[in-house]
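Undergrad: Supplied in structure tokens, the structure appears directly below.
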Amino acid sequence: MSRMRGMIIAIDGPAASGKGTIAKLVAEHFGFHCLDTGLLYRAVARDVERAGFRLEDTWAAVSYARGLDAATLDDPALRGAEAGDRASVVAKIPEVRRALLKYQRAFAERPPGAVLDGRDIGTVVCPDADAKLFVTATAEVRAERRFSELRARGDTTTGYAAVLAAIRERDARDSGRADAPMKMAADADLLDTTQLGIEAAFDAAVGLIKRKIGQQGAA
Ligand code: CDP
């Protein structure tokens, strides 16, 4: 098959690992398009609830996934950890995942290149990506990051323990589901950001990607 597509960089990992920020900076660095695929699942959950259905309603979730309007992905209502928690409920449904595949794959092929971040980019959406990173950090450190974000937004009611519990619950739901569970692809590079600030994590990501792409060029 001829390779008309651009370069594809897959970035997966759990909530608050830093993958979204890293993906945006990496895309800017290389001049590539960037897709936060979590927004697709967040938008499906939003549309299901707005229409008055339960998130567990498979029929509703599948039909809203099939009819998703990508122009609505910059909706501020999609931000925040709660929208992410709701997204992980519809993300368990295999037909929802299948309905969102085509859009993600078409985006990934956009020249000159694309960075996609999510849970299953390196394993399911783009198994032939040119570089794959699995970005992680301990649950405690990820909870601290979420907790500081909440404080910065003026939320003083949610305690650290509740944030940590929510992170653990989401990790379990995303890793434990049968279809496209969150897991590191065999050919991905691990980037642990537990001890890294965003600058250092970005530098490490670019280093790993360049090494991977360089190896391919030499092959
Ligand atoms: O930013 P954060 O990591 O908290 O969330 P997100 O990346 O926006 O993802 C929200 C939820 O969508 C995740 O917990 C997953 O359940 C689901 N998701 C997925 O299943 N597959 C993806 N490629 C991206 C997100």
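Undergrad: Can you work out which of the residues in the range 8-43 that are part of a strand (DSSP E or B) and surrounded by 21 or more Cβ atoms within 10 Å (Cβ to Cβ) is nearest to the ligand (Cβ to nearest atom)?
TA: Per the criteria, the residue is ASP12.
Undergrad: Can you pull out the residues in the range 165-193 that are touching a helix residue (DSSP H, G or I) at 6+ places or on another chain (Cβ under 7 Å) and either loosely packed, with under 12 Cβ neighbours inside 10 Å or part of a strand (DSSP E or B) (or both)?
TA: ASP189, LEU191, listed by residue number.
Undergrad: If the requirement is being away from the ligand (no atom under 13 Å from the Cβ) and either more than 14 Å from the chain's Cα centre (by Cα) or among the β-branched types (Val, Ile, Thr) (or both), which of these qualifies: ALA65, ALA106, ALA99, ALA137?
TA: The conditions single out ALA106.
Undergrad: For the range 44-53, check the following and say yes or no: at least one residue is assigned to a strand (DSSP E or B), surrounded by 20 or more Cβ atoms within 10 Å (Cβ to Cβ) and hydrophobic (A, V, I, L, M, F, W, C).
TA: No, that holds for no residue.
We did not get these values from a lab; they are worked out from the coordinates using the rules stated. Predicted model only: the values in this text are computed from it and were never measured. In this analysis, Cβ positions are derived from the backbone assuming ideal geometry, glycine residues included, and neighbour counts consider all displayed protein chains.
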